[in-house]
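The values are calculated or read from the model by the stated rules, or taken from the named source; none is laboratory data. What you see is a predicted model; the values in this text were computed from it and never measured. Please note: Cβ atoms are built from the backbone with ideal geometry, for glycine as well, and neighbour counts cover all protein chains shown. Calculation scope for accessible area: heavy atoms of the full protein, side chains included, ligands and nucleic acids excluded. Shrake-Rupley method; radii C 1.70, N 1.55, O 1.52, S 1.80 Å.
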Amino acid sequence: MNLLFRISSICLISVISISSFGQQKELIADNFTAIKFEQFVIQVESKTSFRFFYKPLLLDTVVVNLRVENQSIADVLTQIFIGTDFHFVIDQSNYIFITKGREIAGSLPDDFFGISSQGNKTISTFDISDYEKKEKKRNQIENKLYNIGARTNNLQGTATVAGFVRSTLSGEPIIGAAVFIENPMIGVATDAYGYYSISLQKGRHELKIKSVGMKTGQRQIMLYGDGKLDIDIDEDVTPLKEVIVEADRDVRVTSMQMGVEKLDIKTMKQMPSALGEVDVLKVMLSLPGVQTVGEGANGINVRGGATNQNLILFNDATIYNPSHLFGFFSTFNPDVLKSVELYKSGINADYGGRLSSVLDVKSREGNLKKFSGSGGISPITGRLTLEGPIIKERTSFIVGFRSTYSDWLLKQVNSKEFENSTASFYDINGNISHKINDKNNLYASFYLSKDRFKLNSDTAYSYSDRNASLKWRHNFSNKLFGVFTAGFSKYNYDILSDKNPVNAFTLDFAVKQLNAKADFNYFVSPKSTISAGISTTHYTLWPGNQQPNGEQSIVAQDKLEQEQGLESAIYVGENYDVNPRLSLYIGARYSLYQYLGPKKVYTYADNLPLEERNTIDSVQYKQGEVITTYYGLEPRFSLRYSLHKNSSLKFSYNRMRQYIQMLSNTTAVAPTDIWKLSDPYIQPQIGDQISLGYYKNIGRKQLETSAEVYYKLTQNALDFKGGAKLLLNHQIETDIVNANGKAYGIELMLKKPYGKLNGWITYTYSRSLLQTRNTYSSEIINRGEYYPSNYDKPHSANFIGNYKFNRRVNFSLNMNYSTGRPLTIPLAQYELSGSKRVYYSDRNKYRIPDYFRMDISLNFEGNHKIKKLAHSSWTFAIYNLTGRNNAYSVFFVSKDGKIEGYKLSIFAEPIPTITYNFRF
Amino acid sequence: MTMKNTFLKQFKNIWVIAILIGCTEPYTPPEIENNPNILVVDGFLDGTKRECIVSLARTQRLGSNEQPNDETGAVVSLQENGGNSIALIDHNNGKYSLSNIAVSVQKEYKIHVKTKDGMEYTSDYVVLKASPPIDSVTWEATDQGIQIQATTHDPLNIARYYQWIFVETWQYTSAYYSNMKFQNGSAVLRDDDIYTCWQQVPSTNIIVSSSDKLTQDVIYKNPITLLTKTTDKYLMRYSILVQQRVLSKEGYNFWSELQKNTENLGTLFDPQPSQILGNIYDLQNAKNPVLGYFSASYTSEKRIFINNADLPQGYLPIKTFAGCRQDTVLLVDLPKFGNSSNLLTQRIVMGGIILIGYGSSSVDCVDCRAKGGTNVQPDFW
């Protein structure tokens, strides 16, 4: 309450920027007998150089009755004002300011630093909070006029001002902040580095800066010519309703982009989570058009796409497996994250290589100003993040480490069932950013995740995903900058079996990619921005290597030949505002893929199905020899038309090409899934999507509504012959069937982003179908008719609600409903080889029961004192409150001659968690 | 303190269970349609016995407990590639067979079926595979029970794909020995032994294995069957006859897929089930599914015995005859015994001289045949 009062009262007092300075050498010797204060002032001013500034009205009741012998003016005033509510300040020019009720700050304006400005020792009762000081400093900066460019009288034409927007507190760049002037409304948004570039008419402007979670800032500029202006803005420490930034309010309606979901870490932290931790992928699942095949199944299905059709980037480096512990955790440490963006449609030409979506995960940059840390403890994991400057204001680091103690937990359970079980994981991610000078910045980012588990069996699995990237950003001019990136990603797993010494084996798989790219951004005018770039990626795959384990083992080494591929692309795109109502994005990407030797490629008899027995020959290609080349243009187009101030229509079309795919015939992402490069038999997947959306904000932008429809066609989608063997298959092409995919849907969303009660409701109707298009019966599924893909879930509805009781207590409710995923079910039984067997239906003809789940969570924040040793918060959550046994899968087992159907549920009971988070 | 510990433990248990094993419960999908009545063909040509047996049946509604729906009255024939077609004998129980066939290794054979509704079906030609002998059938006592294993090898490295079927036989007794029986109102000496029986059960699981990925064609201790600790199979003496067949690669794929689809599903990372169709086709419409498989191979058999004296200490199961109780039938009550469904066991003699009556108990406790076995000792025993 106290704090609130201070914030509001600061606005009432006109603050004068004067320092108190003990210069008063002149001593007073006088007799003041019952005179009015006004008279006292005249007397003192006539004999000394002191000059008083005060409101006579305030002081007309003050009577001075004092006898002074060579005392300082401060002592005199102190005596006069003793027991009253008056305060005074004396500056170096011997100006005396008298105020009632409050003292005046004693610091100099920001740009006066260098001149000694120590506080007046004689007045020790100053009580200016940090907050007020900062606020004042901010006001000083905001009211100061910055001259941009060389002073000139010629104010004809336009000039460009550019720079970084950063957080005052941590020095971290602010992404997506709006930098704009009003009247006329001209604005830009900062890019992924916090960089902005805006071209304006020369002359005087008030530049405003708005961003989510930050205070609105402004700068007075006098624009003479091109120049640079870095802007620091404050974090919004007390998220009052009134202060919540409005900049983003219009984003859904006015921004060019459609089918994009952007969540910052703050929003994600409010949502209830299953295992006491913020999970990026789980949060994504609450958004329209994003689904999963089941609980504990990692990988997301975006708009009817397969799990491997999502380009998952961590600071621009590709992630192959974003999951820990069978998908119960995502590999992104929430403390390191800054933002997560998911593009479902209207994907810009900058991105390529996957069909369905782009999930762009960005980590924060370390605090440039001071060393700090954060962490948390939940029943399953512990995590710690440290950040701070390496060279103050220039170089900073952030590193997050997370690990599980599930192994320990397993040991605590005295059950025979878990005797042979282990499960553990850890991940480390972070980055270092370095500012070389105003024009050059370097960013290094790394990521490592590792999992190991053994579930009551003799087979141990482990997998690991690691990547690193190095980025150099160079500003060629205010209007042109380039980013040069080199990156490395590697995903590998191994399986180890040692129960039977004769058959003991190890099996490993790995995929590695090396990539380099150059991206350029050119701010042509406030109406037009052009981006262009080139990129190349080299893939190496080790598709499987089985080796004997131990001396007794007679397992023969079975090594699949290494595969290589090179994917290159060039792109260009332009954002163009035709007029305030119509904006366009037109772009194109041209990608070229080469499957490279050395590799032995089998050839098959013509006019016969692609089966092992129809192999006729093989061709050995030499190192570096091009085996197959695929290429194609990927046009991208988006359009936004504002119908009204509060509503708009958007349209987009994009074509994507994918040259590397995951082969999986299990329903979820499994640690044994393999990746496969396109080759002479497995053609690249091509996806086309058109999407149309209508967006409207209702009632002073309090409610956001949107409706998007999409239609998507996929060529060369992959499915598998019944019971296909994907591991260690030398002729994998013989187990694959080619299919065409078709997906369509409508996504409705109602969102209340602000207020005590906030949240969203979504409903999605969508279908995802496949059709095999082969000629031979063994390669045809369901007689060549369209059949639902494994992740086709037509109806889906989500509700997320948050209620803030006050600034420290926050309650969340999350509800999730969807149609059960498709299932191939047994239709009849028969006896064969002495046991009853099951005859299965057409593929994916039936469905598992519908899914419904409700979670709640309660967040308690520590007190909001800004200065304290550590900030902490507690989260109490219950996952699956109703304890509904949602089916993860339905399966049938023939046991002792009897067929029994079973339903497997994960998290079939309400799961309580307590998480403690801290920050220092 | 104890309270707290219990709570903590409970909390941890919930966690581990929730996360690692989830919850499995019986479930029957509501949409199970009517029985599609598909023909099921199980055919095998045994080169060693020079015998071909084909079983025909129809699919049944899921969950049905009825006897297999046998297909009788069909015309089944075996055909050698380039040779004659010979008809199999219809045994009127869905089984069709023929013995003393002149077969030769590496020749190709197929079967042709014409059902009584006039539909015709045929299989692919399959090669009559040679089979190396079983090297050994062994057993090991493990924590889970007695594991029976088969070991074989083919010095020529060509067999590669193996299938095993087996017949188990074990000796057991009823709870009470009986040498008396009730006949025409009086007790007479029994001339048959209904105390000791032998049970014979054929294998019900698919057991296939391949040495495909090994440098040598060696199958070492491949699991055949597991006798759990609670079984009564090794109460006295147990025997297993293991027959080894050699499969083609396609046959191996068929059986292992069928096994994967119907015996092995349900963990998180299992492949999706799918329609497993074999090498038999509907000649009228290739799209109509036909279930089952026809294969041909020489066979090799091996029998072992496990006497309960061979078992390690602690392996002897406790002989329990739960629910068995012996009553006394006094001589005076004997005429009324005809109304009882119980059986007599032995004389009850007082002081070694005076017969006062007979012991009696229920059929299940006296006649070992009630459990399904036979009291005729098998030849090999």
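Ellipsoid fit via the Cα gyration tensor, region A:694-795: semi-axes of 42, 14, 10 Å, each the root of five times an eigenvalue, largest first. Extent along the principal axes, Cα only, for region A:789-829: 60, 19, 11 Å, with the longest axis given first.
What value in Å³ per residue do you get for the convex hull of the alpha-carbon atoms in region A:453-555? Don't jump to the answer; show the numbers that get you there.
Details: hull volume 12.5 nm³, N = 103.
It is 122 Å³ per residue.
Please report the antiparallel percentage of the DSSP beta bridges confined to chain B, to the nearest 5.
90 percent
In summary, the aspartates and glutamates within cross-link reach of residue A:517, defined as a Cα separation below 15 angstrom excluding same-chain residues under 8 places away, comprise A:316, A:350, A:567.
Using the Cβ-Cβ distance between residue A:582 and residue A:208 with R0 set to 22 Å, the FRET efficiency from 1/(1 + (r/R0)^6) comes to roughly 0.35. Three semi-axes describe the equivalent ellipsoid of region A:130-206; taken as square roots of 5 times the Cα gyration tensor eigenvalues and ordered largest first, they are 24, 18, 11 Å. Mean partner shielding of peptide B:56-69, defined as the number of other chain Cβ atoms within 10 Å of each residue Cβ, is 4.
Applying a DSSP loop filter and a limit of 16 other Cβ atoms within 10 Å to the chymotrypsin sites (Phe, Trp or Tyr not before Pro) in region A:786-815 leaves A:786, A:805. The GluC sites (Glu not before Pro) of region B:26-107 that DSSP puts in a loop, and whose beta carbon has at most 14 other beta carbons within 10 Å, are B:31, B:33, B:66.
What residues of region A:620-658 lie in the reach of a label at residue A:688, counting those whose backbone N is under 15 Å from a point 7 Å from the Cα along Cα→Cβ? Label zone hits: A:632-637, A:652-657. With a simple spin-label model that places each label point 7 Å from the Cα along the Cα-to-Cβ direction, the separation between residue A:94 and residue B:177 comes to 13.4 nm. Taking the convex hull of the alpha carbon positions in the protein assembly as shown and averaging its projected area over all directions gives 69.6 nm². With no solvent and one point per C-alpha, what does the Debye sum give as log10 I(q)/I(0) for region B:18-126 at q = 0.11, 0.13, 0.17 Å⁻¹? Calculated log10 I(q)/I(0) at the listed q: -0.48, -0.59, -0.82.
Treat every Asp and Glu Cβ in region A:589-630 as -1 and every Lys and Arg Cβ as +1, leave all other atoms uncharged, and give the resulting dipole magnitude about the Cα centre to the nearest 20 debye.
For this selection, approximately 260 debye.
The DSSP beta bridges internal to the protein assembly as shown are antiparallel in roughly 95% of cases. Shape descriptor for region A:437-495: Rg over Rh equals 1.34 (Cα atoms; Rh from the Kirkwood inverse mean 1/r).
Note on chain B: Cα convex hull, mean projected area over all directions, 30.5 nm².
For the protein assembly as shown, the Cβ-based charge dipole about the Cα centre amounts to some 3780 debye (Lys, Arg positive; Asp, Glu negative; other atoms uncharged). For chain B, with a Gaussian network of springs between Cα atoms less than 10 Å apart, report the residue from B:200, B:326, B:163 with the top mean-square fluctuation. With Cα springs under 10 Å in chain B, the top fluctuation among B:200, B:326, B:163 is at B:326. In this Cβ point-charge picture (+1 for Lys and Arg, -1 for Asp and Glu), region A:765-827 has a dipole of about 500 debye about its Cα centre.
Label sites at residue B:213 and residue B:328, each approximated as a point 7 angstrom past Cα along Cα to Cβ, lie 6.8 nm apart. Shape call for region A:296-383 from the C-alpha gyration tensor, a ≥ b ≥ c root eigenvalues: rounded (a/c under 1.5), prolate (a/b greater than b/c) or oblate? Cα axes put region A:296-383 in the oblate bin.
For the residue pairs A:344/A:742; A:269/A:804; B:221/B:302; A:262/A:450, the alpha carbons lie more than 19 Å apart in A:262/A:450.
Global size of region A:506-628: 23.2, 77 Å for Rg and Dmax (C-alpha atoms, Rg to one decimal, Dmax whole). Helices in chain B, meaning DSSP H runs of at least 4 residues, each add -39500 (n - 2.57). Divided by all residues, the mean residue ellipticity at 222 nm is -2500 deg cm²/dmol. For region A:757-858, the alpha-carbon coordinates run over 67, 36, 15 Å along the three principal axes, in decreasing order. When chains A and B come together, the accessible area they lose, probed at 1.4 Å and totalled over both chains, is close to 6800 Å².
With protein chains left intact and a 1.4 Å probe, residues in chain B average 50 Å² of accessible area per residue. Each residue, residue A:644 and residue A:390, gets one label point 7 Å from its Cα in the Cβ direction; the gap between the two is 5.4 nm. Normalising the average separation of contacting C-alpha pairs (under 8 angstrom, six or more residues apart) by the number of residues puts the relative contact order of region A:554-632 at 29 percent. For region B:296-362, the fraction of C-alpha pairs farther apart than 17 angstrom is 65 percent. Consider a paramagnetic label point 7 Å from the Cα of residue B:167 along Cα→Cβ; state which residues of region B:278-316 have an amide N under 16 Å from it. The answer is B:299-305. For a modelled paramagnetic label at residue B:158, 7 Å from Cα along Cα-to-Cβ, the residues of region B:191-223 in reach, with backbone nitrogen under 19 Å, are B:210-219. Here region B:46-88 is treated as an ellipsoid with the same Cα gyration tensor; its semi-axes, largest first and in whole Å, are 29, 13, 8.
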